[in-house]
Amino acid sequence: MLYYREMPTPSWTTFDGTRLLHELERWCVHEGISDIHTSPEKKSVRLEVRLHGMLEKLADISHNTYIDFVRRVKFLSKLKLNLTSVPQDGQYTFDVQADEGAGESARIVNVRVASIPSRFGETFTLRLLDPVRGIVPLTELGFPEEIHSKLQELVRLPNGLILVTGPTGSGKTTTMYSMLNSVVGTQRNIITLEDPIEYELPGIIQSQVNVDHDYTFSSGLRSILRHDPNIILLGEIRDLETAQTAVDASLTGHLVLATLHTNSAVEAIPRLLSMGVSPYTFAPALRAILAQRLVRTLKPECTKGDAVCDPSQNSSYGGRMALPELIIGSTSIQNLILAGENTDVIVAQAKKEGFKTLTDWGKVLVASKRTTQAEVDRVTT
């Protein structure tokens, strides 16, 4: 985890719209902020940011300043300036200059822009996709050593299906990127299919879904298979055709990494089966299911001696780490899937083989003062 020297918070209400955007970009990158939110109200516009997954208010700015701010954002992201009554999506990039004193390396940050009309004006969300925070070595994601070692083994398998599950914003894509990065340059053809592509990964072929041209996850996956990939990253499994094609691909010599939106690792099994995937193909294809959340980690000064921190305050935390649970697709687990056993039976067998739930790992992290019980409860209950 990186800690930078403190950077003073700018006085946001003193800037014009263009300067406000520039200062926000610079400050948010330094602070590790993932999103900028604007919310127009009757008398002012609420400016908020998301830090460590939590929304924090920065300031109330005037509507005149906001008009200039919106104009600049729309110009950079190539949105229609005169269109305010319908949602728009765009993106732009900005450069971060190297600054050793501030702990900054030179890089390009991508900003995804989304707007929707609201009662008092357009509401904007700017998502900052900083490669320093989005492309992280697997060793730096904060997984327990047991999980980290197993993930390194799994991504080196010649074939099979690895599922990564969890809600939006739980770090699924970052984990899969880290796994892929660990095998770049090992004589493997790696192709991704994403919606959208969030970060550029050197040494990997990345392809983006385009529904308007009938390039979907299912059709794209079929096309990718004609390019002789060793490893495929599938941004999301959304339907039966995509699911079954991914399973079939994993049985014919490909290693497939894919995401699902389920609350736990074991829930991925009935989810795929309920889509209509054949258990006779899914069971032998399955190598592992990783579920994860992101928990805020305590600042070092909050863990020393008798230091007391307030777990409800975002200022007590200095970053985030992955809270995992990993089910290995052992022969026993595969046989239970083939037999149509329910999730309770599968979890019981997995625990005999060393499986720990999100809650179990949460207890480990709390005991080691990496995070707090309140934080574990927040993301697991």
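The values are calculated or read from the model by the stated rules, or taken from the named source; none is laboratory data. Every value quoted in this text rests on a predicted model; they were computed, and no experiment measured them. No Cβ is skipped: glycine too gets one built from the backbone with ideal geometry, and neighbour counts run over all protein chains shown. Areas reflect the complete protein model, heavy atoms only, side chains present, ligands, DNA and RNA absent. Shrake-Rupley method; radii C 1.70, N 1.55, O 1.52, S 1.80 Å.
Quick one: of the DSSP bridges fully inside the chain, what percent are antiparallel, nearest 5?
65 percent
With an 8 Å cut-off on Cα pairs and a minimum separation of 6 or more residues, tell me the relative contact order of segment 263-336 in percent.
41 percent
Using the Cα centre of the chain as the reference point, and only Cβ charges (+1 on K/R, -1 on D/E), how large is the resulting charge dipole? Debye, rounded to the nearest 20.
Dipole of the chain, to the nearest 20 debye: 240 debye.
Using the scaling law 2.2 N^0.38 Å as the reference, what is the normalised Cα Rg of segment 296-381?
Computed over Cα atoms of segment 296-381, the ratio equals 1.42.
How big is segment 242-370 in terms of Cα radius of gyration and Dmax, in angstroms?
For segment 242-370, the Cα radius of gyration and maximum Cα-Cα distance read 18.4, 56 Å.
Accessible area, 1.4 Å probe, largest first: how do 173, 259, 84 sort?
The ranking, largest first, comes out as 84, 173, 259.
Relative contact order for segment 131-183: what is it in percent, counting Cα pairs under 8 Å that are at least 6 residues apart?
Contact order relative to length: 56 percent.
Convex hull volume of the Cα atoms in segment 1-157, per residue, in Å³?
143 Å³
Taking the Cα atoms of segment 78-136, report the difference between the largest and smallest coordinate on each principal axis, in whole Å and largest first.
Principal extents (largest minus smallest coordinate, Cα): 43, 20, 18 Å.
Mind computing the radius of gyration and Dmax over the alpha-carbon atoms of segment 235-274? Å is fine for both.
Cα radius of gyration and Dmax of segment 235-274 are 10.2, 29 Å respectively.
Given the protein chains as shown and a 1.4 Å probe, how many square angstrom of residue 277 are accessible, to the nearest 10?
We get 0 Å² for residue 277.
Determine the equivalent ellipsoid of segment 309-353 by diagonalising the alpha-carbon gyration tensor, then write out the semi-axes as square roots of 5 times the eigenvalues, largest first, rounded to whole Å.
Equivalent-ellipsoid dimensions as semi-axes: 38, 11, 8 Å.
Counting only residues 5 or more places away or on other chains, whose amide H sits under 5 Å from the amide H of residue 130 once H atoms are built in the peptide plane?
Those lying under 5 Å, H to H, from residue 130: there are none.
Restricting to Cα pairs below 8 Å that are 6+ residues apart, what does the relative contact order work out to for segment 162-304? Please round to a whole percent.
34 percent
Placing one identical point scatterer on every Cα of segment 186-319 and ignoring solvent, what is log10 I(q)/I(0) from the Debye formula at q = 0.14, 0.15 Å⁻¹?
The computed values of log10 I(q)/I(0) come out as -0.72, -0.78.
Counting Lys and Arg as +1 and Asp and Glu as -1, what is the net charge of the other residues whose Cβ lies under 14 Å from the Cβ of residue 236?
-2
Write down the Kirkwood hydrodynamic radius of the chain, to one decimal in angstroms, obtained as one divided by the mean of 1/r over all alpha carbon pairs.
By the Kirkwood definition, the hydrodynamic radius is 22.6 Å.
Can you check what the net charge comes to around residue 171, using other residues whose Cβ is under 10 Å from the Cβ of residue 171 (Lys, Arg +1; Asp, Glu -1)?
Result for the local shell: +3.
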